[in-house]
């Protein structure tokens with residue numbers, strides 16, 4: 001997921017990339033885009049984010065500088081430190097009914113990892129709903145007394161190269177954007193062609209004539 005922040009306006013955009021998108025990974029050839037991090041980490045620990053950024057730059061022409069990486073094994077503790085997350089679903093997802101659901105840490109992780117309801121594009125919608133709810137809960141004033149616990153739990157699961165001086169600007173932009181709306185975008189079905197590789201893997205071939213102008217207009 002790409003995050004674009006303009007602190008002055010403020011505008012916050014989230015762009016989801018299908019994990020099965022077939023791209024060229026520098027040094028490894030063609031594969032699913034989500035394999036970039038895996039290949040690099042298997043070769044040398046802590047190099048996954050760098051190769052993921054390079055893959056996105058080479059594929060989409062977006063020069064990313066920063067990353068945020070989460071270890072989902074410890075994610076339930078983050079959610080618990082926030083007092084849980086209210087999740088308003090437009091339709092049943094991951095075994096949860098439509099409407100408002102209050103999730104604890106274990107339930108939140110199960111929702112994130114659920115693959116039972118549909119294809120990659122349905123999971124993108126599912127992930128965007130969760131991320132938006134997660135951000136709203138972090139910015140909710142009722143959560144602020146829990147900031148010490150939240151920061152402590154984040155330190156156990158989050159890895160980033162964001163400089164400390166940039167964090168106040170980003171936080172302020174997210175707070176302001178929470179009132180105007182955080183825009184969620186995605187590379188959707190109309191921009192890809194499902195196919196099967198010679199090894200039998202189901203992947204998505206990108207239509208660059210549609211994807212690149214779409215990114216150019218929104219990023």
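The values are calculated or read from the model by the stated rules, or taken from the named source; none is laboratory data. Note that this is a predicted model, so its numbers are computed, not measured. All Cβ positions, even for glycine, are placed from backbone atoms using ideal geometry, and neighbour counts span all protein chains on display.
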### Message
Tell me yes or no: at least one residue of the stretch 191-198 is touching a helix residue (DSSP H, G or I) at 6+ places or on another chain (Cβ under 9 Å), part of a helix (DSSP H, G or I) and loosely packed, with under 15 Cβ neighbours inside 10 Å.
### Response
no
### Query
Residue check: is residue 187 surrounded by 15 or more Cβ atoms within 10 Å (Cβ to Cβ) and under 30 Å from residue 32 (Cα atoms)?
yes
### Task
Identify, from the list 210, 185, the residue that is in a strand (DSSP E or B), closer than 28 Å to residue 60 by Cα, at pLDDT 90 or above and touching a helix residue (DSSP H, G or I) at 6+ places or on another chain (Cβ under 7 Å).
185
### Condition check for residue 71: more than 30 Å from residue 217 (Cβ to Cβ) and either within 18 Å of the chain's Cα centre (by Cα) or in the same structural domain as residue 219 (by TED's automatic domain parsing) (or both)
yes
### Task
Run down 165, 144 and say which single residue is more than 26 Å from residue 53 (Cβ to Cβ) and over 21 Å from the mean Cα position of the chain (by Cα).
144
### Filter result for residue 180 (exposed (fewer than 13 other Cβ atoms within 10 Å of the Cβ), assigned by TED's automatic domain parsing to the domain that holds residue 53, under 22 Å from residue 5 (Cβ atoms) and touching a strand residue (DSSP E or B) at 6+ places or on another chain (Cβ under 9 Å))
yes
### Task
Quickly run through the stretch 167-180 and pick out the residues that are free of Cβ contacts under 8 Å to residues at least 24 places away in the same chain and over 27 Å from residue 105 (Cβ atoms).
168, 179
### Task
For the stretch 35-54, state whether one or more residues are in a strand (DSSP E or B), outside the structural domain of residue 126 (by TED's automatic domain parsing) and either farther than 21 Å from residue 197 by Cα or out of contact with any helix residue (DSSP H, G or I) (no Cβ under 7 Å at 6 or more places or on another chain) (or both).
no
### Task
Determine which member of the set 146, 113 is loosely packed, with under 13 Cβ neighbours inside 10 Å and farther than 22 Å from residue 185 by Cβ.
113
### Task
Give 125, 137, 102, 107 a once-over and let me know the one that is within 13 Å of the chain's Cα centre (by Cα) and either closer than 24 Å to residue 174 by Cβ or surrounded by 14 or more Cβ atoms within 10 Å (Cβ to Cβ) (or both).
125
## Note on the structure
When residue 50 is run through (1) surrounded by 15 or more Cβ atoms within 10 Å (Cβ to Cβ); (2) modelled with pLDDT of 95 or more; (3) in contact with a strand residue (DSSP E or B) (Cβ under 9 Å, 6 or more places away or on another chain), the failure sits at (3)
### Query
What is the number of the single condition among (1) touching a residue at least 24 places away in the same chain (Cβ under 8 Å); (2) outside the structural domain of residue 108 (by TED's automatic domain parsing); (3) within 24 Å of residue 112 (Cα to Cα) that residue 132 does not meet?
(2)
